[in-house]
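Worksheet: one structure, shown below.
The values are calculated or read from the model by the stated rules, or taken from the named source; none is laboratory data. These figures come from a predicted structure and were not determined experimentally. Backbone-built Cβ (ideal geometry, glycine too); neighbour counts: all protein chains shown.
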Amino acid sequence: YNSASNDFTLIVTEPGQEVSEDIQNPIDTFPRKSKFAGDYLTDKKNFISFRDSRKPSEVLFFTHFEKDKGGCKGELKGTARFVSPKMAQYKENGNPCTLEFTFSTSSVAMKEVEGCGSYRDIKCFFDGTYPKKKKKEIKPKSTKTKNKK
């Protein structure tokens, strides 16, 4: 405490534990029952997650990417509206940022159409193709019982 200025002075900023570099997906626990809902990724730091929206004509998304060995990063969360059966578009009123998501059976292509610079570093863009992560199948427990005689 510095009594001359009547405030506290920060001396050490070192955390007591190792800092986690994992990306927290804010929509990870949301439902994913619609056709295109799921996770599309190239690795744990380059992905797009889509989840069900309240309206069938929309999909919630969260994307994070790191290019050039982490030198260029981008992240955005929002709601995309389907403009055709396999294409959804993110565009909000008063925001110049526009993204297009084009779905295929096994991947999604993301393209920055207009002005998303406030959500990413200046040297990279929201673009790329991300393969869909396969769902983990839960095997039902065996219902066979052994007959004892």
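Computed quantities for the displayed model
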item: Boolean, D52 is more than 10 Å from the chain's Cα centre (by Cα), among the charged types (D, E, K, R) and closer than 20 Å to G128 by Cβ; result: no
item: Among residues of region 42-76, those that are touching a Pro at 6+ places or on another chain (Cβ under 9 Å) and among the β-branched types (V, I, T), counted; result: 1
item: Any hit, region 116-127, residues being among the β-branched types (V, I, T), over 15 Å from the mean Cα position of the chain (by Cα) and at pLDDT 90 or above; result: no
item: Criterion violated by T29 - all others in (1) at pLDDT 90 or above; (2) among the β-branched types (V, I, T); (3) not in a strand (DSSP E or B) satisfied; result: (1)
item: The lone exception for T29 - which of (1) exposed (fewer than 15 other Cβ atoms within 10 Å of the Cβ); (2) among the hydroxyl-bearing types (S, T, Y); (3) more than 22 Å from K134 (Cα to Cα) it fails; result: (3)
item: Residues located in region 45-61, provided they are free of Cβ contacts under 8 Å to residues at least 60 places away in the same chain, out of contact with any Gly (no Cβ under 8 Å at 6 or more places or on another chain) and within 17 Å of T29 (Cβ to Cβ); result: R51, D52, S53, R54, V59
item: Answer residue from region 32-65, given it is part of a strand (DSSP E or B) and charged (D, E, K, R) and is nearest to E92 (Cα to Cα) among those; result: E58
item: Inter-residue pairs, beta-carbon under 9 Å, first closer than 20 Å to N95 by Cα and in region 115-136, second among the β-branched types (V, I, T) and surrounded by 14 or more Cβ atoms within 10 Å (Cβ to Cβ), 6+ apart; result: G115/T98; C116/T98; F126/T63
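A quick yes/no check of all residues on (1) farther than 17 Å from F103 by Cα; (2) modelled with pLDDT of 90 or more; (3) among the polar types (S, T, N, Q):
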residue	(1), (2), (3)
G16	yes, no, no
I23	yes, no, no
S34	no, no, yes
K44	yes, no, no
F47	no, yes, no
